[in-house]
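Peer 1: Take a look at the following structure, please.
What follows draws every value from the coordinates through simple rules; no lab data is involved. The shown structure was predicted, so the numbers you read here are calculated from the model rather than taken from an experiment. Heads up, the Cβs are rebuilt from the backbone with ideal geometry, glycines too, and the neighbour counts pull from every protein chain shown.
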Amino acid sequence: MERSRALPYLLIAPATIFLIALFVIPLVQTVVLAFVDDGAWSLTNFRKMVGDLNFGLSLRNTFLLVLVVVPLQVACALLMGVMLQKLDKGRDLVLWIWTIPLGVSDLAAGLVWLAIFQDRGYLNTLLAAFGVIDGPTNWLSYESPGSMFLAVALAEIWRATAIVLVILVAGLQLIPKEYGEAAEIFGASPWTRFRKITLPLLKPSIQSALILRTVLAFEVFAVVYALSGRNFPVLVGEAYAWQHVNQNNGVAAAYAILVMAISLAATLAYIRALRVNPETQP
Amino acid sequence: MSVGLRRVVLWSGVVTLCLWVLVPIYLIALGAFGGRAGVFRWPKSLLPWDATLASMQTFLAVEGVGRAAVNGALVAALTMLLSLALGAPAGYALARYAFRGANLFRLLVILTRAFPLAILALPLTVTFIRVGLYDTPLGVALVHTALALPFAALVSASLFMGIPRELEEAAWVFGCSRLQAFRKVVLPLALPGLAAAAIFAFVISWNEVFAASVLTVRNKTLTAYLLTVLAESPLHYRFAGGFLLILPSIVFIFAVRKYLFAMWGVSNK
């Protein structure tokens, strides 16, 4: 009996030790790195970060991307999830195709959309065919921030909607069919059924999808880098540049702290805004 | 709307969304196999006129590409082993035992999801240089394991929860030891799901770019290597690299498609 009481602790010990060593300790170290300068607590790194020319831009770009991309992804994934429910055959094949981007890295996704948006790419071929442009046109320079933003947003939506879809489909499967059938008998239209039954019951899934996606969206970096280099600054890209180009750990860590603070704030906001009452769930 | 019309609308939506996923992959494949001629062709054609295996071979022969691909696979394999070796026992404990601290552990695991973990590689550079892990596949794999472990633990917890405890207890009654019962009864049932979790860990690692770039100089993974040489490589090399990154992922997602939901679902309540 003595042994079996210790057993669960023995089983979780390796994972716990590992997570403390590679999650908790680096977290503390990042804080120290960001707030210490010349061996004393200071805000120098943050001052340098805020004083940098790219800071405001990267903050704005990152937020803009998250605000545009995440809601669109949730909406798309909801639509796709509902469509999947209506399919009577071919569901598995469709689901597989739709989830392929789940395995595509952000760098690869950026390169995929580079093939489309480059000067002599497929987008320009299409536009030229319709007579919109005369010849190869550059959409990804710092002179065209609008089209650069569009390219990055499209690449992000293309790549990362799949993860939202999987979470929402898993949630949709948990909703008992009888609820919708009952509502239908009482004459509720499909739209009413979606709003009054599906959406409220899907709240826990939507919440976890939003948290996961938003945290990852604030980390956006390689997609942008593949499409436009540093022409479109984002927060994590700046952290990478400070570390690699400027060899300044402190400012890079300050960026890391900023990204973490924003991610945590977003997570808490979602948890508050979408609070789920367990008694209303099936 | 009539039933027939509704079906047409539904299926055209489904097909459009399938094309939305597949066409860009086809286009980068054209870029990858099209070589220099394909990249500069204007206007572009949707048919593979320029595609040759030679242009992919030229890319693979570029110095560093082969080594980076091997490194990437090695790091991903190490991540797969480590995250399963650490995560599966924890998942088993969460599924089978009610113990003090279980919720605290669960919180620690879930908390990692709310942090941009890869960024934590920044301070690790210093530590890794000190202990000799900097610029080694194992070092990168350790950080990637921190990314994959939470999934491995939560997935295996839900897998083991799905295997009735009675089966295990029956094995004890028939004289199996705890370990034997686990090995002969539980493990075979959980194996496909565990394999899926392992493959997913592989994909997480294969795709991760920030930590892999920060923690290496010469022993880069393929993703990190591509990021470093991106600015100075010609377009057709970039597309070849991108295609090479996507290829294993497509195969792997196909292999784990049945378990995607166990992995991401909210079924662990």
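Peer 1: Could you calculate the FRET efficiency of residue B:254 with residue A:261 from 1/(1 + (r/R0)^6), where r is the beta carbon distance between them and R0 is 56 Å, rounded to 0.05?
Peer 2: Values: r = 39 Å, r/R0 = 0.69.
That gives a FRET efficiency of 0.90.
Peer 1: Expressed as a rounded percentage, what relative contact order does chain B have, with Cα pairs under 8 Å and six or more residues apart? Don't skip to the answer; put the middle values down first.
Peer 2: Numbers: 298 pairs, mean separation 78.3, N = 269.
Once divided by the residue count of chain B, the mean separation gives 29 percent.
Peer 1: Given the options A:262, A:100, A:25, which has the most mean-square fluctuation in a GNM of chain A, springs set between C-alpha atoms less than 10 angstrom apart?
Peer 2: A:25
Peer 1: In deg cm²/dmol, rounded to 500, what helix-only [θ] at 222 nm does chain A give when every DSSP H run of at least 4 residues adds -39500 (n - 2.57) and the total is split over its residues?
Peer 2: Values: 14 runs with 201 residues, N = 282.
Calculated from helices alone, the mean residue ellipticity at 222 nm is -23000 deg cm²/dmol.
Peer 1: Between Rg and the Kirkwood Rh of region A:173-244, both from Cα atoms, what is the Rg to Rh ratio?
Peer 2: Values: Rg = 20.9 Å, Rh = 15.6 Å.
Taking Rh as the inverse mean 1/r over Cα pairs, Rg/Rh reads 1.34.
Peer 1: Further question: Only helices at least 24 Å long along their axis, Cα-based, and averaging 0.0 or more on Kyte-Doolittle count here, so list those DSSP H runs from chain B.
Peer 2: On the way: long enough: B:3-40 (50 Å, 1.59); B:65-96 (45 Å, 1.27); B:137-161 (34 Å, 1.78); B:187-207 (29 Å, 1.71); B:235-256 (32 Å, 1.80).
Within chain B the helices that satisfy the rule are B:3-40, B:65-96, B:137-161, B:187-207, B:235-256.
Peer 1: Relative contact order of region A:1-148: what whole-number percent is it, with Cα pairs under 8 angstrom and at least 6 residues apart? It would help to have the intermediate numbers written out before the result.
Peer 2: On the way: 54 pairs, mean separation 10.5, N = 148.
Here the relative contact order equals 7 percent.
Peer 1: Further question on the same structure: Which listed residue (B:71, B:173, B:201) has the Cα farthest towards the positive end of the charge dipole for region B:62-264, taking +1 on Lys and Arg C-beta and -1 on Asp and Glu C-beta about the Cα centre?
Peer 2: My answer, from the dipole projection, is B:173.
Peer 1: Let me ask something else. Compare A:232, A:18, A:63 in a GNM of chain A, Cα atoms joined below 10 Å, and give the one with the largest fluctuation.
Peer 2: Result: A:18 has the largest fluctuation of those listed.
Peer 1: From zero outward in steps of 20 Å, how is the percent of C-alpha pairs of the protein assembly as shown spread across the bins?
Peer 2: 20, 53, 25, 2, 0
Peer 1: Here's a follow-up. Any lysines with Cα under 25 Å of the residue A:89 Cα? List them, leaving off those in the same chain fewer than 8 positions away.
Peer 2: A:177, B:258
Peer 1: Let me know the volume per residue of the alpha-carbon convex hull for chain A, in Å³.
Peer 2: Details: hull volume 59.3 nm³, N = 282.
Given the Cα convex hull of chain A, per-residue volume reads 210 Å³.
Peer 1: Next question. Given charges of +1 on the Cβ of Lys and Arg and -1 on the Cβ of Asp and Glu, with all other atoms neutral, how large is the dipole of the protein assembly as shown about its Cα centre, in debye to the nearest 20? All intermediate terms of the calculation are to be shown ahead of the outcome.
Peer 2: Details: 40 positive and 25 negative charges, 223 e Å.
Magnitude of the dipole: close to 1080 debye.
Peer 1: Just to be sure I follow: if Rg is taken over the C-alpha atoms of region B:164-260 and Rh is the Kirkwood radius over the same atoms, what is Rg/Rh?
Peer 2: Values: Rg = 20.9 Å, Rh = 16.6 Å.
With Rh from the inverse mean 1/r over Cα pairs, Rg/Rh is 1.26.
Peer 1: I've got another one for you. Pull up all non-local amide H partners of residue A:37: gap of 5 or more, or a different chain, and H-to-H distance under 5 Å with H placed in the peptide plane.
Peer 2: HN-HN under 5 Å from residue A:37: A:42.
Peer 1: Take the Cα radius of gyration of region B:1-90 and divide it by 2.2 N^0.38 Å, with N its residue count; two decimals is plenty. Spell out each step's value before the answer.
Peer 2: Working: Rg = 21.4 Å, N = 90, 2.2 N^0.38 = 12.2 Å.
Region B:1-90 yields a ratio of 1.76.
Peer 1: A follow-up question, please. Could you put A:49, B:161 in order, starting from the residue whose Cβ has the fewest other Cβ atoms within 10 Å? Spell out each step's value before the answer.
Peer 2: Values: A:49 27, B:161 16.
The fewest-first ordering by Cβ neighbours comes to B:161, A:49.
Peer 1: Using the C-alpha atoms of region B:69-150, what convex hull volume per residue, in cubic angstrom, is computed? Can you show the working numbers first?
Peer 2: On the way: hull volume 8.6 nm³, N = 82.
Roughly 105 Å³ of hull volume per residue.
Peer 1: Determine by what factor the alpha-carbon radius of gyration of chain B differs from 2.2 N^0.38 Å, reporting the quotient.
Peer 2: Working: Rg = 22.8 Å, N = 269, 2.2 N^0.38 = 18.4 Å.
Computed over Cα atoms of chain B, the ratio equals 1.24.
Peer 1: Calculate, in whole percent, how much of the Cα-Cα pair population of region B:1-54 lies beyond 13 Å. Mind dumping the intermediate values first?
Peer 2: Values: 934 of 1431 pairs.
Summing the P(r) of region B:1-54 above 13 Å gives 65 percent of all pairs.
Peer 1: For region A:54-118, how big is Rg over Rh, using alpha carbon atoms and the Kirkwood form of Rh? Don't skip to the answer; put the middle values down first.
Peer 2: Numbers: Rg = 15.9 Å, Rh = 14.5 Å.
For region A:54-118, the value is 1.10.
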